[in-house]
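Notes follow the structure.
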Amino acid sequence: MEKKRVVSGARPTGRLHLGNLVGALETWRELQDQYECFYFVADWHALTTDYSDPGQIQENILEMVTDWLAVGLDPNRCTLFVQSTVPEHAELHLLLSMITPLAWLERNPTYKEIQQELGEQKDLSTYGFLGYPVLQAADILIYQGNFVPVGQDQLPHVELTREIARRFNHLYHRQLFPVPEPLLSPAPKVPGTDGRKMSKSYNNAIYLSDPPEVIRQKIKTMTTDTARVRRNDPGDPERSPVFSLHKIFSSEEEKADVAQGCRTAGIGCLDCKAILIHNVLQALGPIQERRSTIAARPSFVMEVLADGGKRARAIARSTLMEVQEIMGIHNKRIV
Ligand code: TRP
């Protein structure tokens, strides 16, 4: 039996952090064995918000894909590529834009939210930004994807993809597109060093490629339970982002010990952090080792992406040809 397909993408944000590792990459890595996986860098999606400042994109692609490989995405078991090297995504985006009602896009919650969030720095009243989810639908449907591993924030886009797939199948009386299912990672949200969600833009991230001294320093200066001012004050681990990271990186025994030590003021915050530092460094060790091997040969990353792009393109082309045929835009007699 054919394996079901998994499709997911990430905008090129550069070096990845612990939040990306736990939220997405570990899931992507697990899915490789069971499914035919397509993972790509959504560089066109980056342009929907950063069109006026594209200078970082190329470097960010290289950094991000280096991290993908370091974490264990394996180009022999999944297809890794850059969206814009498969122009079929763009042509399908155009064709799907013909059947997508404007009202579906205008009521997409992320459209208004991001406009409000970034609207003061960037003019997002563009055609491309409104069409962001149509491009995402094309990314998924061009591979006839069955499953889409994403974070909570992307659910509205997967829902729109489902609606577009159904509308296409219905309009043309075909079952060309599977209606794809989102796969939400069960992982808890990873807090950054200030207790807010870990994010590059909050400047609170611990990066997979941070040198050990930097990681040590970042964890040492993390906020804890703010009610625990003095060493002798008892604390509440559930109010400390350090404990949230323990939940991800520490053993059951260590978690029980630091929680108990915190509640009774039996240990200080630095003692608690020392255990976390040890465990984070332990977890990142093998990733960092692979990363430095890969980073020493940037042409390897380019080869992986070129090869992945070729494989992706062959599949994308065959879906696109069916869509062209169905929508009456096949030009066999002309070319
Ligand atoms: N919009 C997604 C994000 O910001 C990235 C993305 C683009 C994507 N195309 C996709 C994710 C297709 C899943 C499937 O994270």
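The values are calculated or read from the model by the stated rules, or taken from the named source; none is laboratory data. The structure displayed is predicted, hence computed values, not measured ones. All Cβ positions, even for glycine, are placed from backbone atoms using ideal geometry, and neighbour counts span all protein chains on display. Ligands, DNA and RNA are stripped out before the accessible areas are found, and what is left, the full protein with its side chains, is counted by its heavy atoms. Shrake-Rupley method; radii C 1.70, N 1.55, O 1.52, S 1.80 Å.
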Practice task
List the number of the failed condition for ASN232; all other conditions in (1) in contact (Cβ under 8 Å) with a residue 24 or more places away in the chain; (2) in a loop (DSSP other than H, G, I, E, B); (3) surrounded by 12 or more Cβ atoms within 10 Å (Cβ to Cβ) hold.
Solution key: (3)
Handout entry: Residue that is nearest to the ligand (Cβ to nearest atom) [pool: residues in region 127-162 that are over 15 Å from GLU88 (Cβ atoms) and assigned to a loop (DSSP other than H, G, I, E, B)]
Key = GLY151
Problem - Residues satisfying the stated conditions in region 213-229, i.e. in contact (Cβ under 8 Å) with a residue 12 or more places away in the chain, open to solvent by 20 Å² or more (accessible area, probe 1.4 Å) and not in a loop (DSSP other than H, G, I, E, B) - result: ARG216, LYS218, LYS220
Exercise for the section: For region 2-23, indicate whether the set of residues that are open to solvent by 30 Å² or more (accessible area, probe 1.4 Å), within 28 Å of ASP210 (Cα to Cα), within 15 Å of the ligand (Cβ to nearest atom) and among the hydrophobic types (A, V, I, L, M, F, W, C) is non-empty. Expected result: no
Problem - Single condition GLN152 does not satisfy, out of (1) in contact (Cβ under 8 Å) with a residue 40 or more places away in the chain; (2) touching a strand residue (DSSP E or B) at 6+ places or on another chain (Cβ under 7 Å) - result: (1)
Fill in the blank from the handout: So, first residue in contact (Cβ under 8 Å) with a residue 60 or more places away in the chain and in the same structural domain as ILE315 (by TED's automatic domain parsing) in region 19-47, second residue among the hydrophobic types (A, V, I, L, M, F, W, C) and within 10 Å of the ligand (Cβ to nearest atom), Cβ within less than 6 Å, six or more apart or across chains; the pairs are LEU31/VAL6; TYR35/VAL6; PHE38/VAL7
Practice task
Check GLU289, GLU254, GLU322 and return the single one that is part of a helix (DSSP H, G or I) and more than 30 Å from LYS218 (Cα to Cα).
Solution key: GLU322
